[in-house]
Structure formats: C-alpha cells, structure tokens
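Take a look at the structure set out below.
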There are 2 protein chains.
Amino acid sequence: MSDLSRCSLNTATVKHATLTEAVEAAASAGMGAVGLWRHQVQESGAGTARKIVEDAGLRVSSLCRGGFLTATSAEGIREAVADNERALIEAAEVGTSELVFVVGGLPGSAPEAPPSPGTDRDLVATRRRVADRLADLAPVAEKHGVRIVLEPLHPMFAADRAVVSTLGQALDLAAPFDARTVGVVVDTYHVWWDPALEAAIQRAGREGRIAGYQVCDWNLPFAPAALNSRGHVGDGYIDFATVSRWVAEAGYTGDVETEIFNEEIWAAPPAETAATVGARFAQHVLPHL
Amino acid sequence: MSDLSRCSLNTATVKHATLTEAVEAAASAGMGAVGLWRHQVQESGAGTARKIVEDAGLRVSSLCRGGFLTATSAEGIREAVADNERALIEAAEVGTSELVFVVGGLPGSAPEAPPSPGTDRDLVATRRRVADRLADLAPVAEKHGVRIVLEPLHPMFAADRAVVSTLGQALDLAAPFDARTVGVVVDTYHVWWDPALEAAIQRAGREGRIAGYQVCDWNLPFAPAALNSRGHVGDGYIDFATVSRWVAEAGYTGDVETEIFNEEIWAAPPAETAATVGARFAQHVLPHL
C-alpha cells in the first residue's frame, strides 16, 4: 500500500458530502489531510470543524478561500479587507497556517457571464489594486499567524475570476512581503501550460514561498460551465511526473491537495472518489515527489 | 468617415462567404486589406485569388496558416516540412509576405477531445520540437521571401491546438532567426490576459518582429465549442485602448486584422459583419494606433 500521508482531499472534490463525510472518506482512503472551504467551517464553527478533522487523525492542509481584492470603491475595499481578516482568523482557528487567495476578476464582471455596462476593463489598474490590498492585509495576516497564499488562476479565468494568471506574477506580488506572510500555491490545472513554469517553481522554492501543491487534470472538451472541466489526475493532458518533480526539487515537502470541480465526480459516492484520488496520487504524483 | 485603410477583414470572420463575397464585403466597408486562409487560396488557385483581391483594390495582410510542427515520427516531420514549404509558396504567390503559424498541440491530442491512448504529454519536449522544425523551415522561408509568423494561442488551447502560449515564448523561439524570416503576431484574444504583455510587445517591436496585429474580443460565457467564443471588438472584456497603444508604441504600422470565430457572426450577412468590424475598429482600435 502506498504512503498517502501527504495526500490531501480538498473537500470541493466531494462537494455534496458533509464535512464529517468528507473527512471520513479521506481518512478511510489513508490520506493524511483535508483542504477545507470557509462555508463548511462557518456552518459547523471553526472549533467543531477542527475537532472533526483532528479526531480522524488528519491535518487541515489549507483553507479556501480569501481574496476578491479588486474592488474600486472605498466601501468595497473596506469590505474586502474586513472579510479577509475574518477568513484569516477562521484559518487560524481551524488549525491551518495557509489561507488560499483567489484575487477576483475585473470589477463588474460575473463568472462566465458577459460584461455588464459598468465593467471596468482596465486590467493593469485592477492588478495594481491587488498589490495595494495585499499591502493592507499582510500585517493582518502576520498578526494572526496565517499565510496569504496567492493562487494564480488559468488565464481563461482572467476576466471573471482572478487577474493573477501566472506563478511568476503571483511571486512578483508576493515579493514585497515576508515569505511566511505571503506565499503561493502551485495548482497544476492553472499553471501546467506555462512555458516559464519550471523557472517560476524554482524561484518560488528559493524564496520559500511554496505554500501548497494542488493537483487535478486538464480535461477536454470543456464542461458546459468551464470551471468544472477539471478531471481526476491521469484522465487529461497534464504531465504530472514533470511538474511534481519540479515542485519536489524546489524543496516542497508539504501536503498535496487534490481539488477537482466536476459534476460527474460530484455525483459519485465520496468514498469512491477519495479512493480514486488516493490511487491516482500514488500512481502519478507520489513517485515523483 | 474614419480611415479604414489599415483595417483588414480576416476571411474566417465571414466563414460562409466565397472569397469574392468576402473581398467585396471588405472593400464596400472601406477596408484596405483582407487576411486569407489556405483552403480558399487552394480552391481558386493562388493567382486567381490574388487577382480577386487586387482587382478590388485591397492588399493581402496575411495567409493563415502554416505550422503543426509537433510530430514525433520521421514521416510526420517530413510531411510537416513539405506542407509548410507549399504554404510558404502559396503565400508568396497570393501576394503576402506573412504566413501565420499555429504550431500544433501535444502529439495524439485532437481539438477539444479527451486524450487518446497514445497521447504524448511531454510538453517540454514538444516545445523543443517546435524549435527544431523552425530551424528546418527558416531557410525555406528565406528562400521564398515569406516570413514565418508565430501565433501564440491562448493557454486554454495549449494541449490540443498550440504549445506556443505566450508572446514571450514566441519571441524566444524566433530569437535564433532573422526578424525578416521569423516574426510574431499579436492576437488580442490569445494574449490580452498576460501580465508580461506590455514588455513582450516592446521587445517584439525592438526586435522588429511584429508581423501582424489581430483583434477580436474575449466573450463570456464560452461557446459550446470553446474556439468559437470570440466576439466583435467591444462586446467582451478586452481593453483594446491599452493593447493597441502598446502595439503602436512598439512601432507597428501595418494592417490590423479582425479575426472572429463565432457561430452567430458566421450566420450574419457578410456585408453586415464587415460593416460592424469596420465600425468597431474605428471606435475601439484606430484612435489608439
């Protein structure tokens, strides 16, 4: 039996399971950790959520997600900072030091929808505001002992979900801050295509900023909702041997989360999904770590 | 009336029109050029196609497309080189110096289809083969007086259509060759999201490699066939003022092709589409050139 102690089940992969069911599925499959989402933690309360995970002998590898930093109005900015402080506190309370940030899209955009009349297309200024909000939030993160973990999203989501599109850009945004305060996550789905990926992973390792490694595959054709096109590791086009080797060579020794958004996988029993996640991790990722 | 002399209608935008119909639509709208596709040129013969365009008082801004350089077998490589030589000759015969190259996806991939059992996921090696084929083809291009114009495709097409995904990567691939032999095209749809875009356009300008500027918008939601999600300039999320300014500041003075793949636009009368293309160019692009 393979050692799945570094394998983590991000609970979005078993979206329709309760927290208890997801944790049981991960533990039964032999995994060492789970990645949680804020809405789950809020539902049960952070203390209860932490106990559910710890009682099963697991770790919390990360909390998803803070971010949404692109607002232009003073009120929108205040709300974003306040909500991210709550998220940082939740992360600490539920027992993880890593809060994943999805930074948000162009102001006035909506996920997979046409622009509204008020959409602000100034991508350069939007990205500058992300840097400004990180400057606001870094001291807050430091105070709570939680790391802001920037997640570059695939460029297909640059308009409507996240204006941070490459690992290099995430590292540039992180650069002004201590590596214990602002890090990055390498999610294969989002970055596998990048001709600068090897160099960016090396840089992230040198700078001590690799806060997470997430895996899932690039499936084609796209699902009707493009976000849900992710697949089990091994079902799509990604070369996990190479990317996993780069991450390992950069010195990463932490958990490897599988995070899949896919309607078919969501319809499967959580225990079956967790077993597949574990088996694919053992086959395609673990030998290269 | 705006000056549309730099505005070019790529005939893929009016897919169901004959060459004569497409040229008439572009000329009636006041445009100065058309961008052609090989199958059209082959149907009528390059000489006839050239005459149709010249008789209407237009230029051929570019020919689409060569490329598909990722084959692994000796036979596949020979075929790719031979077919690209035919394409270079066709470009010269039809009266353009610019042959757009789409380099192809991972071997064994098919457009918007799951991987086949024989799919080769080694993206790094696939990209290396593209460089090797360019070395084979550069002297051929030079001989025929036609430039190989590398088109980076959006990273959402990296698996199945083109492993060249950023303008910077295209410039790295072009670097070993004379700028009159290997250039790049800036297509807003494919590169608008890139945090390194301004720097890459500046570099392309400095190196004399900007061989074309193509525009169309980033529409959401994606069409059922993702390739066909492009929209008329102004309908989506792209900041054409900024990107057009960067291209102009980099010294580009050539034609600006509108190339749209979109089922609804294909269903519209070609003259109506050409009028819209001209109006959107005048409104969103021309003031920033």
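The values are calculated or read from the model by the stated rules, or taken from the named source; none is laboratory data. These figures come from a predicted structure and were not determined experimentally. Cβ placement follows ideal geometry from the backbone for every residue including glycine, while neighbour counts extend to all protein chains displayed. For the accessible areas, the whole protein counts, side chains as well, though only heavy atoms, and no ligand, DNA or RNA atoms are used. Shrake-Rupley method; radii C 1.70, N 1.55, O 1.52, S 1.80 Å.
Data for the structure
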| item | result |
| --- | --- |
| Matching residues in segment B:139-150 - criterion: being in contact with a strand residue (DSSP E or B) (Cβ under 6 Å, 6 or more places away or on another chain) and either assigned to a helix (DSSP H, G or I) or open to solvent by 10 Å² or more (accessible area, probe 1.4 Å) (or both) | B:ALA141, B:ARG147 |
| Wholly within segment A:205-289, helices (runs of 4 or more DSSP H) carrying at least 3 residues that are within 30 Å of A:ALA113 (Cβ to Cβ) | A:263-267 |
| Some residue of segment B:27-38 being among the polar types (S, T, N, Q), more than 25 Å from B:ALA275 (Cβ to Cβ) and in a helix (DSSP H, G or I) | no |
| Matching option when the condition is surrounded by fewer than 19 Cβ atoms within 10 Å (Cβ to Cβ) and touching a strand residue (DSSP E or B) at 6+ places or on another chain (Cβ under 7 Å), among B:GLY205, B:GLY234 | B:GLY234 |
| Subset of segment A:209-239 [among the polar types (S, T, N, Q) and either away from chain B (no Cβ under 12 Å) or within 24 Å of A:VAL149 (Cβ to Cβ) (or both)] | A:GLN214, A:ASN228, A:SER229 |
| Residue list for segment B:95-127, filter: farther than 24 Å from A:ARG230 by Cα and not aliphatic (A, V, I, L, M) | B:GLY95, B:THR96, B:SER97, B:GLU98, B:PHE101 |
| Residue in segment B:180-196 that is polar (S, T, N, Q) and either out of contact with any helix residue (DSSP H, G or I) (no Cβ under 8 Å at 6 or more places or on another chain) or in a loop (DSSP other than H, G, I, E, B) (or both) present | yes |
| Hey, B:SER62 among the hydroxyl-bearing types (Ser, Thr, Tyr) and within 14 Å of another protein chain (Cβ to nearest Cβ) or not | no |
| All positions within segment B:154-168 that are touching a helix residue (DSSP H, G or I) at 6+ places or on another chain (Cβ under 8 Å) and either open to solvent by 10 Å² or more (accessible area, probe 1.4 Å) or more than 26 Å from A:GLY104 (Cα to Cα) (or both) | B:ARG161, B:VAL163, B:VAL164, B:THR166, B:GLY168 |
| Matching residues in segment B:85-106 - criterion: being open to solvent by 20 Å² or more (accessible area, probe 1.4 Å) and not small (Gly, Ala, Ser) | B:GLU85, B:ARG86, B:ILE89, B:GLU90, B:GLU93, B:GLU98 |
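Every residue, every condition in (1) touching a Leu at 6+ places or on another chain (Cβ under 9 Å); (2) within 14 Å of another protein chain (Cβ to nearest Cβ), yes or no:
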site: A:ARG206; (1), (2): no, no
site: A:ALA241; (1), (2): no, yes
site: A:TRP246; (1), (2): yes, yes
site: A:ALA271; (1), (2): no, no
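Residues are listed down the side, and each one gets a yes or a no for (1) under 25 Å from B:ILE265 (Cβ atoms); (2) without any contact (Cβ under 8 Å) to a residue 24 or more places away in the chain; (3) in contact with a Lys or Arg (Cβ under 7 Å, 6 or more places away or on another chain); (4) hydroxyl-bearing (Ser, Thr, Tyr):
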{"position": "B:ALA200", "(1), (2), (3), (4)": "no, no, no, no"}
{"position": "B:ARG209", "(1), (2), (3), (4)": "no, no, no, no"}
{"position": "B:LEU227", "(1), (2), (3), (4)": "yes, no, no, no"}
{"position": "B:GLY234", "(1), (2), (3), (4)": "yes, no, yes, no"}
{"position": "B:ALA250", "(1), (2), (3), (4)": "no, no, no, no"}
